[in-house]
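Derivation of every value follows stated rules applied to the coordinates shown; laboratory data play no part. Predicted, not measured: the structure shown is a model, and the values here were computed from it. Backbone-built Cβ (ideal geometry, glycine too); neighbour counts: all protein chains shown.
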Amino acid sequence: MPDAVVFPSSLLRERSGGWSLKATTVSPGQSATGAFSVARIDGGGAWVTELGGVNLKTKTHVKLWRALENLADGGVEPVVVPMCDKRHFPAPIVDGEPVYSEDPIPHDDDTFFDDGSGYAQSVVEASVTTSAALRATSLSLTPTSMGDLEGGEYFSINHPVQGWRLYRIGTAVLSGGVYAVTIRPPLREAVMAGTRLEFDRPRCTMRLASGDSMNLSLDSRRFANPSVSFVEYFYPA
Amino acid sequence: MELTSAELSALDADAQRIGAFFRLATDPIVRLWLGVGPINPGVNALDLTGQTYRGLGELLNLPEFQHLLNGQAERVEFSLSGVSDEVLALASAESNNVQGKACDVGIGIFDSDWQLLGAVKWMWRGYADYLSITRSPAQTPDGQTVQTVALSVGSLMTGRRRRAFSYFTDQDQQARSPGDLFFERTPIYSDNSKTWPRF
């Protein structure tokens, strides 16, 4: 699986946006008994996301947007798009307060890098308890550092072939320190026991929804608030 | 085609989850389905070992089809993605790689957890004829060009009234099935007649 371009977090400046699973249904219309039956034929749906009104207000933002448009190449190249869902992720509770992020971690001599930055670390750590097959919709996961799962949380798995894939938890039941969760969409690839689950910064391999999704029109040749749409991308099997 | 009781219950519900599968017996075999992502539907009448079907965008639609009854044999067209490497390679290959190859369409029924309740049910078989590529150019400068590859498939009865270009001679039979001696003696019968049956 080749490396894909990652959507820069410095461009996660959208005013609105969301992730949804696009479903395809067919319906034969109303039956003689008055029922409207419907059939889904999409196998679970594919992710689509729109980042609305991304605020580009500096020269760096504008040039970064243009460079990314080049690399996305009109929708034929994959882009790993992260999602920021910190308000809803299962933050662990420490001293009665939820922990959303860790402070930068210094070297073992308590010094930082020349620019003052340190090492980053995820707050939530969890892994798959038992292996699951391709297209499974149930998973067991073992939390190492995590708040309570309630359903509605997002996480990602970095699969060996299909890369980063996003999943959403439907139901979560805790028993004996292990969560049994139901997920959508079905697993894009089989997972082995011990596979790490990314809750802090979930992301998904996508592509531009259309060739002109990243068109940029600058106000006063300086600022812009473009929107961009992505759909899920699949590597050849 | 047998449906299990679980499949029948799923089909009885107001909302069903159905997967449509397409299999073209070229070399290598093309396996596609209308759902998202890859799927391994397990052993079925055509795939004796589990094989993976590719999804999302490869097969754009399945046409309506019907079995021949009292008249016109049908010819249907399957629209395939026009940008996939696999489909474009198929379209640009020699026509005899596609022509006459069995093309099967089947369905699979899923439960509420998107798990298949049984094997794929193969419902219709046709024989591929030719691939055509159509391009709809953009109507405006900022419009999009749409490229689609269509596979024309006939049923067993398609062209049944068309005169065949081969005969029941030994030469034609060797071309069809080398080593088969079934029509070796047909020239013997050209000048005499046999009465059959004799009671």
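For the stretch A:102-123 and the stretch A:134-161, what is the centre-to-centre distance using only Cα atoms, to the nearest Å?
If we compute the Cα centre of each part, the gap is 28 Å.
Mind giving me the FRET efficiency for residue A:95 and residue B:177? R0 is 56 Å, r the Cβ-Cβ distance, nearest 0.05 is fine.
0.10
For the protein assembly as shown, with only Lys/Arg (+1) and Asp/Glu (-1) charged at the beta-carbon, what is the dipole magnitude about the Cα centre, in debye rounded to 20?
1820
Run through the stretch A:142-237 and list the GluC sites (Glu not before Pro) located in a DSSP loop whose Cβ has at most 14 other Cβ atoms within 10 Å.
In loop regions of the stretch A:142-237 (DSSP not H, G, I, E or B), the sparsely surrounded GluC sites (Glu not before Pro) are A:150.
If the limit is 30 Å between Cα atoms, which of A:22/A:57; B:101/B:194; B:101/B:121 go over it?
A:22/A:57; B:101/B:194
Roughly how far apart, in whole Å, are the Cα centres of the stretch B:173-199 and the stretch A:37-59?
66
Which FRET efficiency, nearest 0.05, do residue B:49 and residue B:189 yield, Cβ-Cβ r, R0 60 Å?
Step by step, r from the Cβ atoms, then E = 0.85.
Compute the FRET efficiency between residue B:139 and residue A:144 as 1/(1 + (r/R0)^6), taking r as their Cβ-Cβ distance and R0 = 56 Å, and round to the nearest 0.05.
Once rounded, the FRET efficiency stands at 0.50.
Could you give each residue of the stretch A:196-211 its phi-based ³J(HN,Hα) in whole Hz, using Karplus coefficients 6.51, -1.76, 1.60 with θ = phi - 60°, and x for Gly or Pro?
These are the phi-based 3J(HN,Hα) values: 6, 10, 9, 9, 5, 9, x, 7, 8, 7, 10, 9, 4, 5, 8, x Hz.
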